[in-house]
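Trainee: One structure follows; several queries about it will come next.
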Amino acid sequence: MKKTMAFLLAAALTAAVTACGGKDSSSEGSGSAKQSSADASSSDTSTDEISLVPLEPGKLLVYPLAPGESQMLRGISLSGNRAGSSEFNSKSPSTEDIRCIFELNEWVDVYLDTDAESGLKCWTFRHQDEPEFYLDNTVSEDAEGFVQVCELSKNPDDANASWGSFYLSPEDCSPGLYDLVFTSSGKPVAVILTRFYNEEELGSRSDEELTQLNNGILS
């Protein structure tokens, strides 16, 4: 009888230990599965989607680079011939504090900070709310909102000379917001928001007034 009881007790203990071991193993497996699921979820997030900040007055938005690419455009400067003093119109190329208000029929001169000497263009489009538009669509004369395109090239005889100039005719364009899109070999590299006013609407304003308008282009 004692031997029988001892055998039954040993069998019960063995069964209890086995059950505990199985439960721990199952729990560990569940944790690993959860971690794998989390890793998979993380890897499913697309790295190709680009979310860009909205365009801001006087600021150049430089598009993200693809792996292995080097920055093409480090800064720009825009000047006009109808409003503002020479000081207002002679700022060094930058990504901020860029003149971005002009009149229709006003010549706009473009200056660049870049190592390139050719292959660059400045396109004018009617403003798009999403700056990704120019990455998602081919920049061409057939693109939505196209206005004009200006070839840009460095003057070999004068490093301080304009890279190119353009104007918007009041016969073809209305006052309002326009995007200037800079491309290199057809690829968009940067964009800036501008506002064009009616003729003679800015000429009498002081540099201080023009600066306030430039900083509040969307108001």
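Trainee: Could you tell me which numbered condition SER90 fails, if it satisfies all but one of (1) within 17 Å of LEU152 (Cβ to Cβ); (2) among the polar types (S, T, N, Q); (3) assigned to a loop (DSSP other than H, G, I, E, B)?
Mentor: The single condition SER90 does not satisfy is (1).
Listed here are the residues, each with its yes/no results for (1) in contact with a His (Cβ under 6 Å, 6 or more places away or on another chain); (2) assigned to a loop (DSSP other than H, G, I, E, B); (3) closer than 30 Å to SER206 by Cβ.
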position	(1), (2), (3)
ILE76	no, no, yes
ILE98	no, yes, yes
GLU117	no, yes, no
TRP123	no, no, no
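Trainee: Okay, moving on. Residue by residue through segment 74-97, note down the ones that are in contact with a Pro (Cβ under 9 Å, 6 or more places away or on another chain) and either without any contact (Cβ under 8 Å) to a residue 24 or more places away in the chain or open to solvent by less than 40 Å² (accessible area, probe 1.4 Å) (or both).
Mentor: GLY75, ILE76, SER77
Trainee: Now for a separate question. Only one residue in VAL191, VAL139 is touching a Leu at 6+ places or on another chain (Cβ under 6 Å) and modelled with pLDDT of 95 or more. Which one?
Mentor: VAL191 is the lone residue from the list that is touching a Leu at 6+ places or on another chain (Cβ under 6 Å) and modelled with pLDDT of 95 or more.
The values are calculated or read from the model by the stated rules, or taken from the named source; none is laboratory data. None of the values given here were measured: they were computed from a predicted structure. Every residue, glycine among them, receives a Cβ derived from its backbone with ideal geometry; neighbour counts consider all protein chains shown. Heads up: the accessible areas ignore ligands, DNA and RNA and are worked out on the full protein's heavy atoms, side chains in. Shrake-Rupley method; radii C 1.70, N 1.55, O 1.52, S 1.80 Å.
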